[in-house]
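Below: one structure, written as structure tokens.
The values are calculated or read from the model by the stated rules, or taken from the named source; none is laboratory data. Keep in mind the model is a prediction, meaning the values are calculated, not measured. For neighbour counting, all protein chains shown are included, and Cβ atoms are generated from backbone atoms with ideal geometry for every residue, glycine included.
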Amino acid sequence: MRYELLKPEDYRRARDKAPIAYLPWGSHEWHGLHNPLGLDALKAHAMCMALCAETGGIVFPPVYCGHSTMKPHAGFDSTLEFTRECVELLATEYLRQLADERFKVIVILMGHYGLAHQTALREVVSDFNESQDDVIAWTFPDCEPTEAEGFPGDHAGRTETSYMIYFYPELVDLARLPEDAELDMKKHGVGGIDPREASAKRGRDGLNVLVKNAAPKILELLEQKKA
């Protein structure tokens, strides 16, 4: 399923069988003292792999290009902030190239939740879809299909940390968090329910909800374009 690991003939076979392209989109961004800086993209890539296992298709390498990050929001270092124009141009080029590769459905899964970032990608996708007949793109933050069932978006809080414990347990170190202090966004870069309540089970359950709710829509979009 992973583009970068495929031989050309295997890529073509997978694309022709299920012409769905998954593009995980994240950022380089501070996610508390306990999580890796690549959390958004690592999370989105693992989620795309799970969706692809259900629908077929190909998962492309994650895009690290975040706008509206913790750097302008709260002055955190270890974070790269890209302009909205950069995000829009990169997304436009990806969509054009993936359409040229004859994919029928392009899924941009956003692991980064910055509102201006989301707006930029949604607008690019909307413009793209208006210009196309044979291919359709869908972009959404990973929390969108899950929040109604108890897995809301946060920033390095219980939900995101649970996903990371499930996907990459070796990259999470809760012991780096202060034992008794209340965590907050401005000081610790943590928003949402306390990540010290995170667990691998919660990460697995959230992933199952994502696949349950998003995969059928992706397959429906594919059937529409095939027709």
Going through (1) of a type in the set (Gly, Ala, Ser); (2) farther than 15 Å from Leu51 by Cβ; (3) modelled with pLDDT of 95 or more; (4) surrounded by fewer than 18 Cβ atoms within 10 Å (Cβ to Cβ) one by one, Ala215 fails only at (2)
Picked from region 188-217 (must be over 18 Å from the mean Cα position of the chain (by Cα) and aliphatic (A, V, I, L, M)), the residue farthest from Glu29 (Cα to Cα) is Ala200
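Hey, among Asp133, Asp100, which residue is modelled with pLDDT under 95, under 30 Å from Glu9 (Cα atoms) and among the charged types (D, E, K, R)? Walk me through it before giving the result.
Working: Asp100 fails: modelled with pLDDT under 95.
When all the criteria are applied, what remains is Asp133.
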- Task: Determine whether Leu95 is crowded, with 22+ Cβ neighbours inside 10 Å and within 22 Å of Gly56 (Cα to Cα).
- Result: yes
Looking across region 178-187 at residues that are touching a residue at least 12 places away in the same chain (Cβ under 8 Å) and out of contact with any Asp or Glu (no Cβ under 9 Å at 6 or more places or on another chain), the single one that is surrounded by the fewest Cβ atoms within 10 Å (Cβ to Cβ) is Lys186
Looking across region 127-147 at residues that are under 18 Å from the mean Cα position of the chain (by Cα) and without any contact (Cβ under 8 Å) to a residue 24 or more places away in the chain, the single one that is surrounded by the most Cβ atoms within 10 Å (Cβ to Cβ) is Glu144
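Test of understanding: among Phe82, Phe76, which residue is within 21 Å of Asp184 (Cα to Cα) and surrounded by fewer than 21 Cβ atoms within 10 Å (Cβ to Cβ)? Please lay out each step first, then the result.
Values: Phe82 fails: within 21 Å of Asp184 (Cα to Cα).
Sole residue among the options that is within 21 Å of Asp184 (Cα to Cα) and surrounded by fewer than 21 Cβ atoms within 10 Å (Cβ to Cβ): Phe76.
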